[in-house]
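Asker: The following block contains the structure, expressed as structure tokens.
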Amino acid sequence: MKDNNFIKVLDYKIYKNSISDAVKYIENYNKVHIISGNPEVLYSALENDKLLNNFNSENSFIIPDGVGIQIAAKFLKTPIKEKIAGIDLMHRIIEKCEKEGKSIYLLGASSESLNSCVANIIMKYPNIIIAGYRNGYFDSNEEEKVVEEIKKSNPYCLFVAMGCPRQERFIIKHMKELNCKIFMGVGGSFDVIGEKVKRAPKWMIKIGLEWLYRVVKEPWRIKRLSSIPKFLILVYKNNR
Ligand code: UDP
């Protein structure tokens, strides 16, 4: 799908319009894998052929998640309309599913976090159809059972919150056999919706400092942050 709704950053096609447009745009796909394109995810996929090929496949839809991508887009003189955080798009999709009577399945996070996430979703979207949910801690020999469970419940949309690249691997592996229309890896979003983890205050999100808030709250994330400069340096080198 080649059109002017995307910009090119390194090998990736990143959606450039607003979040509201994105919700409409994904209707164009028969089946879509939504990827939260933050520098960490995109940088690590460069070193993994399978992920890279999938991220560039015609069923993939990469959103500009994070200030790093926004900076890269500006540098390339192809600015994006706005940052699209995975969790915000997830909310918009749930809202739309609620309106249209379509079902969702939630896979991932700890049972405790998942249960409060489900409860909060029902509170916020009382008419949403939850086809099923399951925590994200299972062995590889249980994976087929998990997939069968999802198949049986036949959701329209599958959210997978198991961290990157585990969630992307799961989606890529099972996308064909599952009948869902929307597949989305949502990282730590179930923890945020379940209120196990707090999101940064709005003003910090607005000025692009959500990453700083997360590092202060969860210092082990500092290591992961190194992918932002690495990514930006690569973008710079590729554009010289
Ligand atoms: N998780 C999971 N199964 C695993 C490992 C992690 O379900 O085997 C969950 C974890 O409980 C958390 C999410 O995956 O809810 C990962 O969140 P993280 O904040 O690391 O993701 P990010 O948003 O940084 O990609």
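Asker: Based solely on its DSSP helices, what 222 nm [θ] is calculated for the chain when runs of n ≥ 4 H residues each add -39,500 (n - 2.57) and the sum is averaged over all residues, nearest 500 deg cm²/dmol?
Answerer: That comes out to -13500 deg cm²/dmol.
Asker: If you don't mind, there's one more thing I want to ask. Applying 1/(1 + (r/R0)^6) with R0 = 41 Å to the Cβ-Cβ distance of K223 and D3, what FRET efficiency is obtained, to the nearest 0.05? All intermediate terms of the calculation are to be shown ahead of the outcome.
Answerer: Numbers: r = 37 Å, r/R0 = 0.90.
Efficiency computed from Cβ-Cβ geometry: 0.65.
Asker: List the GluC sites (Glu not before Pro) in the stretch 51-133 that DSSP assigns to loop (not H, G, I, E or B) and whose Cβ has at most 14 other Cβ atoms within 10 Å. Which are they?
Answerer: Details: sites: E58, E82, E95, E98, E100, E112; in loops: E58, E82.
Of the GluC sites (Glu not before Pro), the ones in loops of the stretch 51-133 whose Cβ has at most 14 other Cβ atoms within 10 Å are E58.
Asker: Per residue of the stretch 82-90, what does 6.51 cos²θ - 1.76 cosθ + 1.60 with θ = phi - 60° give for ³J(HN,Hα)? Whole Hz please, x for Gly and Pro, Karplus curve as stated.
Answerer: Values, residue by residue: 7, 5, 10, 6, x, 5, 5, 5, 4 Hz.
Asker: What is the percent carbon and sulfur in the accessible area of the chain, measuring with a 1.4 Å probe over the protein chains and ignoring ligands?
Answerer: For the chain, the apolar C and S fraction of the accessible surface comes to 52 percent.
Asker: Separate question: Cross-link partners among aspartates and glutamates for K196, C-alpha distance below 14 Å, same-chain residues fewer than 8 apart left out?
Answerer: E112, E218
Asker: Counting Lys and Arg as +1 and Asp and Glu as -1, what is the net charge of the other residues whose Cβ lies under 15 Å from the Cβ of E98? It would help to have the intermediate numbers written out before the result.
Answerer: Working: positive: R92, K96, K99, K102, K124; negative: E95, E100.
Computed value for this residue: +3.
Asker: At a Förster radius of 25 Å, what calculated FRET efficiency corresponds to the Cβ-Cβ distance of N238 and K31, to the nearest 0.05?
Answerer: 0.25
Asker: If you don't mind, another one. Go through the stretch 114-208 and name the chymotrypsin sites (Phe, Trp or Tyr not before Pro) that are in a DSSP coil and have 12 or fewer other Cβ atoms within 10 Å of their Cβ.
Answerer: Loop-located and lightly packed - Y137.
Asker: Among residues other than R199 whose Cβ falls under 15 Å from its Cβ, what is the net charge (Lys/Arg +1, Asp/Glu -1)?
Answerer: Once all neighbours under 15 Å are counted, the net charge is +3.
Asker: With every protein chain kept in place and ligands, DNA and RNA left out, what is the accessible area per residue of the chain? Probe 1.4 Å, answer in Å².
Answerer: The answer is 52 Å² per residue.
Asker: I'd like the antiparallel share, as a percent to the nearest 5, of DSSP beta bridges with both residues in the stretch 1-96. If you can, show how the numbers build up before the last one.
Answerer: Values: 4 of 10 bridges.
If we restrict to bridges inside the stretch 1-96, about 40 percent are antiparallel.
Asker: If you average the sequence gap of Cα pairs under 8 Å that are 6 or more apart and divide by the length of the chain, what percent do you get for the contact order?
Answerer: 22 percent
Asker: Any idea what angle helix 227-238 forms with the longest principal axis of the chain, computed on alpha-carbon atoms, 0 to 90 degrees, nearest 10?
Answerer: So the inclination is approximately 50 degrees.
The values are calculated or read from the model by the stated rules, or taken from the named source; none is laboratory data. Computed from a prediction, not measured in an experiment: that's the story for all the values here. All Cβ positions, glycine included, derive from the backbone under ideal geometry; neighbour counts span all protein chains shown. Remember, those area values only see protein heavy atoms, side chains included, never the ligands or the DNA or RNA. Shrake-Rupley method; radii C 1.70, N 1.55, O 1.52, S 1.80 Å.
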